[in-house]
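The structure appears below as structure tokens.
The values are calculated or read from the model by the stated rules, or taken from the named source; none is laboratory data. Because the structure is predicted, anything quoted here is derived from the model rather than measured. We place every Cβ from the backbone using ideal geometry, glycine too, and count neighbours over all the protein chains shown.
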Amino acid sequence: MTTRTASHPHLILTGLPGAGKSTVGKGVAAVLGREFLDFDQEIERRTGNPVAELFRTRGEIAFRALELELTRELVATSGMVLAPGGGWVTVAGALELLRPPGVLVYLRASPDVVLERMGRSRSLRPLLSAPDPLSELRGLLASREPRYLLADHVVDVEHVDLQDVISLVARLAPGFGER
């Protein structure tokens, strides 16, 4: 993994599944001219298995270990826009590996909104395959939000146009405007 903007810290997006980390991250990376890395996609590429299959066959603990391994590799790089999975903040030591100097942005949205946004794709998300995904999301938020709130910036994404969110998050990036 290399980057064209090695002098700037990583910009890390966090939040619930469906909050828009991947979509916003791709847009922000394009605005900034930086490399984008979606952790789930990278882990799928490396293992040859979808995240849902990894959860089913190896379990969440093994998946989180893969996230931590990837995070350790990213310490040697900089300047990227990163979209780890929603539970990455719960991995002991992961956040601390990249911060500081990395900048963490919490894309805040309610469980009701993210569930609606995910629509049918929620079946691809292992932690939301339960009979009551809204209750699952509420539980995830309750357990993860204290870690999400460690972010350098909190951006409410519920009632904001996607392009406006991308512009706002890009302005929060280390080195914005220095191109």
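When residues in the range 76-116 are screened for being surrounded by 20 or more Cβ atoms within 10 Å (Cβ to Cβ) and at positive phi, 1 of them pass. Residues that are in contact with a strand residue (DSSP E or B) (Cβ under 7 Å, 6 or more places away or on another chain), over 19 Å from Val31 (Cα atoms) and surrounded by fewer than 17 Cβ atoms within 10 Å (Cβ to Cβ) within the range 151-179 comprise Asp152, Val154, Asp156, listed in sequence order. Within the range 148-179, being within 16 Å of Thr90 (Cα to Cα) and in contact (Cβ under 8 Å) with a residue 60 or more places away in the chain holds for Tyr148, Leu150, Ala151. Here the helices (runs of 4 or more DSSP H) wholly within the range 6-71 that include at least 1 residues being surrounded by 15 or more Cβ atoms within 10 Å (Cβ to Cβ) and among the basic types (Lys, Arg) are 21-32.
Candidates Val165, Val154: the one that is among the hydrophobic types (A, V, I, L, M, F, W, C), at pLDDT 90 or above and touching a Lys or Arg at 6+ places or on another chain (Cβ under 7 Å) is Val154.
Scanning the range 1-60 for residues that are modelled with pLDDT of 90 or more and of a type in the set (Phe, Trp, Tyr), which turns out farthest from the chain's Cα centre (by Cα)? Here the residue is Phe36. Pairing each residue of the range 53-66 that is over 16 Å from Pro84 (Cβ atoms) with any residue that is at pLDDT below 90 and of a type in the set (Gly, Ala, Ser), provided the two are 6+ apart or on different chains, yields no C-beta distance under 7 Å. Residues in the range 80-97 that are within 14 Å of Arg147 (Cα to Cα) and of a type outside the set (Gly, Ala, Ser): Pro84, Trp88, Val89, Thr90, Val91, Leu95, Glu96.
Pairing each residue of the range 68-79 that is at pLDDT 95 or above with any residue that is assigned to a loop (DSSP other than H, G, I, E, B), provided the two are 6+ apart or on different chains, yields C-beta distances under 6 Å for Leu68/Val91. Taking first residues from the range 21-50 that are farther than 16 Å from Met80 by Cα and partners that are in a helix (DSSP H, G or I) and of a type in the set (Phe, Trp, Tyr), the Cβ contacts under 9 Å between residues at least 6 apart in sequence or on separate chains come to Ile43/Phe63. Among the conditions (1) at pLDDT 95 or above; (2) touching a Gly at 6+ places or on another chain (Cβ under 8 Å); (3) over 12 Å from Ile12 (Cα atoms), the only one that Leu149 does not satisfy is (2).
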